[in-house]
Amino acid sequence: MRVLIILLVLVIVGGLAARFAFAGSPPQVGAAAPEFTLPSQDGQRVGLKDYSGKWVVLYFYPKDFTSGCTIEAHNFQRNQEQYAKKKAVVLGVSVDNVDSHKKFCTKEGLNFKLLADTDHKVSDEYGSLMNLGITQIAKRNTFIIDPAGKIARVYTGVDPNKHSQEVLAALDEVQKIR
(Lines give C-alpha, C1' and ligand atoms only; values in the text may rest on other atoms or scores of the structure.)
Protein backbone atom coordinates (compact mmCIF):
# COMPACT_ATOMS: atom_id res chain seq x y z
CA MET A 1 0.00 0.00 0.00
CA ARG A 2 2.85 2.35 0.84
CA VAL A 3 4.45 1.81 -2.57
CA LEU A 4 1.14 2.49 -4.28
CA ILE A 5 0.74 5.80 -2.43
CA ILE A 6 4.29 6.84 -3.31
CA LEU A 7 3.69 6.00 -6.98
CA LEU A 8 0.42 7.93 -6.96
CA VAL A 9 2.12 10.99 -5.45
CA LEU A 10 4.93 10.79 -8.03
CA VAL A 11 2.44 10.59 -10.90
CA ILE A 12 0.49 13.60 -9.59
CA VAL A 13 3.60 15.69 -8.94
CA GLY A 14 5.08 14.72 -12.31
CA GLY A 15 1.86 15.63 -14.10
CA LEU A 16 1.66 19.02 -12.40
CA ALA A 17 5.32 19.74 -13.09
CA ALA A 18 4.87 18.90 -16.76
CA ARG A 19 1.78 21.10 -16.99
CA PHE A 20 3.51 24.14 -15.54
CA ALA A 21 7.08 23.66 -16.69
CA PHE A 22 6.46 23.28 -20.38
CA ALA A 23 4.50 26.05 -22.01
CA GLY A 24 3.89 25.65 -25.71
CA SER A 25 6.64 26.65 -28.10
CA PRO A 26 6.19 29.85 -30.09
CA PRO A 27 5.15 29.26 -33.70
CA GLN A 28 8.08 29.63 -36.05
CA VAL A 29 8.53 32.01 -38.99
CA GLY A 30 6.67 30.61 -42.00
CA ALA A 31 4.18 28.62 -39.91
CA ALA A 32 0.47 29.34 -39.97
CA ALA A 33 -0.45 31.63 -37.10
CA PRO A 34 -2.71 29.85 -34.61
CA GLU A 35 -6.30 31.08 -35.02
CA PHE A 36 -8.01 32.69 -32.05
CA THR A 37 -11.09 34.62 -31.04
CA LEU A 38 -10.98 36.63 -27.79
CA PRO A 39 -13.00 39.45 -26.26
CA SER A 40 -11.55 42.96 -26.49
CA GLN A 41 -11.79 45.81 -24.00
CA ASP A 42 -15.12 46.83 -25.53
CA GLY A 43 -16.55 43.32 -25.12
CA GLN A 44 -16.51 42.53 -28.86
CA ARG A 45 -15.13 39.19 -29.99
CA VAL A 46 -12.00 39.67 -32.11
CA GLY A 47 -10.45 36.90 -34.18
CA LEU A 48 -7.36 36.66 -36.31
CA LYS A 49 -9.62 35.88 -39.27
CA ASP A 50 -11.13 39.37 -38.87
CA TYR A 51 -7.82 40.74 -40.17
CA SER A 52 -7.34 38.45 -43.15
CA GLY A 53 -5.45 40.35 -45.83
CA LYS A 54 -3.81 42.71 -43.31
CA TRP A 55 -0.59 42.68 -41.40
CA VAL A 56 -1.11 41.92 -37.71
CA VAL A 57 1.23 42.81 -34.87
CA LEU A 58 0.18 40.43 -32.11
CA TYR A 59 1.93 41.33 -28.90
CA PHE A 60 1.65 39.51 -25.58
CA TYR A 61 2.29 41.39 -22.36
CA PRO A 62 2.24 40.42 -18.68
CA LYS A 63 -0.20 42.74 -16.92
CA ASP A 64 -2.29 45.89 -17.31
CA PHE A 65 -1.16 48.92 -15.29
CA THR A 66 2.43 47.72 -14.77
CA SER A 67 5.29 50.02 -15.76
CA GLY A 68 6.79 48.02 -18.63
CA CYS A 69 3.39 47.14 -20.08
CA THR A 70 2.25 50.76 -19.88
CA ILE A 71 5.39 51.96 -21.66
CA GLU A 72 4.99 49.33 -24.38
CA ALA A 73 1.30 50.17 -24.87
CA HIS A 74 2.02 53.93 -25.03
CA ASN A 75 4.67 53.32 -27.68
CA PHE A 76 2.30 51.20 -29.79
CA GLN A 77 -0.36 53.90 -29.34
CA ARG A 78 2.04 56.70 -30.29
CA ASN A 79 2.90 54.85 -33.51
CA GLN A 80 -0.66 53.94 -34.59
CA GLU A 81 -0.54 56.27 -37.59
CA GLN A 82 2.67 54.62 -38.82
CA TYR A 83 1.12 51.16 -38.41
CA ALA A 84 -1.94 52.29 -40.38
CA LYS A 85 0.31 53.51 -43.22
CA LYS A 86 1.85 50.03 -43.32
CA LYS A 87 -1.64 48.47 -43.38
CA ALA A 88 -0.91 46.82 -40.04
CA VAL A 89 -3.11 46.45 -36.99
CA VAL A 90 -1.79 46.11 -33.43
CA LEU A 91 -3.47 43.66 -31.06
CA GLY A 92 -2.33 43.29 -27.46
CA VAL A 93 -3.00 40.12 -25.45
CA SER A 94 -2.72 39.41 -21.75
CA VAL A 95 -4.47 37.09 -19.32
CA ASP A 96 -6.20 40.08 -17.67
CA ASN A 97 -9.98 40.29 -18.04
CA VAL A 98 -12.08 42.59 -20.23
CA ASP A 99 -12.85 44.97 -17.35
CA SER A 100 -9.14 45.39 -16.57
CA HIS A 101 -8.41 46.08 -20.26
CA LYS A 102 -11.23 48.61 -20.45
CA LYS A 103 -9.92 50.51 -17.41
CA PHE A 104 -6.33 50.33 -18.72
CA CYS A 105 -7.34 51.68 -22.15
CA THR A 106 -9.40 54.48 -20.61
CA LYS A 107 -6.69 55.51 -18.14
CA GLU A 108 -3.86 55.34 -20.69
CA GLY A 109 -5.72 56.66 -23.76
CA LEU A 110 -5.30 53.49 -25.82
CA ASN A 111 -7.48 53.05 -28.91
CA PHE A 112 -6.18 49.77 -30.31
CA LYS A 113 -7.57 46.38 -29.27
CA LEU A 114 -6.45 44.64 -26.09
CA LEU A 115 -7.65 41.04 -25.93
CA ALA A 116 -8.52 39.13 -22.76
CA ASP A 117 -7.06 35.60 -22.74
CA THR A 118 -8.48 34.67 -19.34
CA ASP A 119 -8.31 30.93 -19.98
CA HIS A 120 -4.63 31.26 -21.10
CA LYS A 121 -5.16 29.10 -24.23
CA VAL A 122 -4.03 31.63 -26.84
CA SER A 123 -1.00 32.68 -24.81
CA ASP A 124 -0.06 29.01 -24.50
CA GLU A 125 -0.60 28.32 -28.25
CA TYR A 126 1.77 31.18 -29.01
CA GLY A 127 4.37 29.93 -26.50
CA SER A 128 3.78 33.08 -24.48
CA LEU A 129 2.70 31.81 -21.09
CA MET A 130 4.87 31.74 -17.99
CA ASN A 131 4.52 31.07 -14.29
CA LEU A 132 4.79 33.85 -11.75
CA GLY A 133 4.56 32.13 -8.41
CA ILE A 134 1.27 30.29 -8.30
CA THR A 135 -0.28 32.30 -11.15
CA GLN A 136 0.36 32.45 -14.87
CA ILE A 137 0.92 35.56 -16.97
CA ALA A 138 1.77 36.23 -20.59
CA LYS A 139 5.42 36.53 -21.61
CA ARG A 140 6.46 39.68 -23.43
CA ASN A 141 6.52 38.20 -26.95
CA THR A 142 5.43 39.61 -30.32
CA PHE A 143 4.48 38.02 -33.62
CA ILE A 144 4.20 39.79 -36.96
CA ILE A 145 1.61 37.93 -39.01
CA ASP A 146 1.44 38.50 -42.77
CA PRO A 147 -1.78 39.05 -44.76
CA ALA A 148 -1.92 35.32 -45.60
CA GLY A 149 -1.92 34.38 -41.91
CA LYS A 150 1.70 33.19 -41.73
CA ILE A 151 4.20 34.16 -39.04
CA ALA A 152 6.64 36.65 -40.57
CA ARG A 153 8.66 37.55 -37.44
CA VAL A 154 8.93 36.32 -33.86
CA TYR A 155 10.23 38.37 -30.94
CA THR A 156 10.67 36.87 -27.49
CA GLY A 157 11.50 38.70 -24.28
CA VAL A 158 11.29 42.16 -25.85
CA ASP A 159 12.39 45.50 -24.42
CA PRO A 160 9.17 47.53 -24.04
CA ASN A 161 11.03 50.85 -24.39
CA LYS A 162 12.11 50.32 -28.00
CA HIS A 163 9.96 47.47 -29.23
CA SER A 164 7.39 49.42 -31.25
CA GLN A 165 10.18 51.07 -33.29
CA GLU A 166 11.78 47.65 -33.75
CA VAL A 167 8.48 46.24 -35.07
CA LEU A 168 7.97 49.16 -37.45
CA ALA A 169 11.45 48.61 -38.91
CA ALA A 170 10.73 44.88 -39.25
CA LEU A 171 7.46 45.59 -41.06
CA ASP A 172 9.43 47.61 -43.63
CA GLU A 173 11.74 44.62 -44.15
CA VAL A 174 9.11 41.88 -44.38
CA GLN A 175 6.80 43.95 -46.56
CA LYS A 176 9.60 44.39 -49.11
CA ILE A 177 10.03 40.62 -49.30
CA ARG A 178 6.33 39.90 -49.88
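A count restricted to region 145-178 and to residues that are at pLDDT 95 or above, closer than 13 Å to PHE76 by Cβ and of a type in the set (Val, Ile, Thr) stands at 1. On the stretch given as region 30-70, residues that are surrounded by fewer than 16 Cβ atoms within 10 Å (Cβ to Cβ) and within 15 Å of PHE112 (Cβ to Cβ) total 4. Taking the residues in region 139-161 that are surrounded by fewer than 16 Cβ atoms within 10 Å (Cβ to Cβ) and touching a residue at least 24 places away in the same chain (Cβ under 8 Å) as candidates, determine which candidate is nearest to GLU81 (Cα to Cα). Among those that are surrounded by fewer than 16 Cβ atoms within 10 Å (Cβ to Cβ) and touching a residue at least 24 places away in the same chain (Cβ under 8 Å), it is ASN161.
Which fully enclosed strands (runs of 3 or more DSSP E) of region 22-99 have 1 or more residues being without any contact (Cβ under 8 Å) to a residue 24 or more places away in the chain?
Working: elements: 37-39, 45-47, 55-60, 88-94.
Correct list: 37-39, 45-47.
For region 115-138, enumerate the residues that are part of a loop (DSSP other than H, G, I, E, B) and either surrounded by fewer than 19 Cβ atoms within 10 Å (Cβ to Cβ) or without any contact (Cβ under 8 Å) to a residue 40 or more places away in the chain (or both). THR118, ASP119, HIS120, GLY133, ILE134, listed by residue number. The single condition from (1) modelled with pLDDT under 95; (2) among the hydroxyl-bearing types (Ser, Thr, Tyr); (3) touching a His at 6+ places or on another chain (Cβ under 8 Å) that SER67 fails is (3). With respect to VAL95, is the statement that it is surrounded by 14 or more Cβ atoms within 10 Å (Cβ to Cβ) and either of a type in the set (Lys, Arg) or over 19 Å from GLU166 (Cβ atoms) (or both) true? So VAL95 passes the test.
Can you say whether ALA88 is within 22 Å of ALA170 (Cα to Cα) and not β-branched (Val, Ile, Thr), as far as the supplied structure shows?
Values: within 22 Å of ALA170 (Cα to Cα): yes; not β-branched (Val, Ile, Thr): yes.
Yes: the conditions hold for ALA88.
The values are calculated or read from the model by the stated rules, or taken from the named source; none is laboratory data. As the structure is a computational prediction, the values presented were derived from the model and not from experiment. Cβ sites come from the backbone with ideal geometry, for glycine too, and all protein chains shown count toward neighbours.
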